[in-house]
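**Student:** Got a structure for you, questions after.
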Amino acid sequence: MQDLLDSFSGNPLLAAGALALCVLVLYALLKKLFKVALFLLLLLAAVLVWFKVMGHELPDELGQVSRTVGKVVKQAGKTGGELLEDAGKEISKKVDDAKKDAQ
């Protein structure tokens, strides 16, 4: 394990590549989670429309859950976007540092 850490600390380009790989994996996971959340929101919307079309009253709990889920998804999208933006800046910085060290 120490050899692996030494190789990363000794070669900034390798460290930048590993960091980029980690960010890509994180991005892929967030992307899949976003798709699942979007599917669940669409399913919830379909249930709400079904209740309205059939003329049923919406339970108070269902309306409250709908509003809460909307807020949580909006906040998660905002946080995920900020995380990816910060990671992109960090990768660019590491790559620039590696280029300067190589010269």
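**Student:** Taking the stretch 50-103 as the region of interest, how many residues are within 21 Å of the chain's Cα centre (by Cα), touching a residue at least 40 places away in the same chain (Cβ under 8 Å) and under 30 Å from GLY10 (Cβ atoms)?
**Tutor:** 6
**Student:** Return only the number of the condition from (1) exposed (fewer than 14 other Cβ atoms within 10 Å of the Cβ); (2) assigned to a helix (DSSP H, G or I); (3) not hydrophobic (A, V, I, L, M, F, W, C) that GLY80 does not satisfy.
**Tutor:** Result: GLY80 fails condition (1) only.
**Student:** Within the stretch 69-79, take every residue that is of a type outside the set (Lys, Arg) and under 18 Å from LEU40 (Cα atoms) and give me the one that is modelled with the lowest pLDDT.
**Tutor:** VAL69
**Student:** Still on this structure, I have one more. Please list, ordered by first then second residue, the pairs with beta carbon atoms under 8 Å, 6 or more apart or interchain, first in the stretch 7-19 and touching a residue at least 40 places away in the same chain (Cβ under 8 Å), second among the basic types (Lys, Arg).
**Tutor:** PRO12/LYS94; ALA15/LYS94; ALA16/LYS94; LEU19/LYS94
**Student:** Take the residues of the stretch 1-41 that are more than 21 Å from LYS71 (Cα to Cα) and among the charged types (D, E, K, R): which is surrounded by the most Cβ atoms within 10 Å (Cβ to Cβ)?
**Tutor:** For the stretch 1-41, the residue satisfying everything is ASP6.
**Student:** Only residues that are of a type outside the set (D, E, K, R) and exposed (fewer than 11 other Cβ atoms within 10 Å of the Cβ): list them for the stretch 42-63, please.
**Tutor:** Matches in the stretch 42-63: LEU42, LEU43, ALA46, VAL49, TRP50, VAL53, MET54, GLY55, HIS56, PRO59.
**Student:** Going residue by residue through the stretch 44-51, is there one that turns out to be part of a helix (DSSP H, G or I), at pLDDT below 90 and of a type outside the set (A, V, I, L, M)?
**Tutor:** Within the stretch 44-51 (the criterion being part of a helix (DSSP H, G or I), at pLDDT below 90 and of a type outside the set (A, V, I, L, M)), the answer is yes, since at least one residue qualifies.
The values are calculated or read from the model by the stated rules, or taken from the named source; none is laboratory data. Keep in mind that what you see is a predicted model, and the values were worked out from it rather than measured. When we count neighbours, we look across all protein chains shown, and the Cβ atoms used for this are built from the backbone with ideal geometry, even at glycine.
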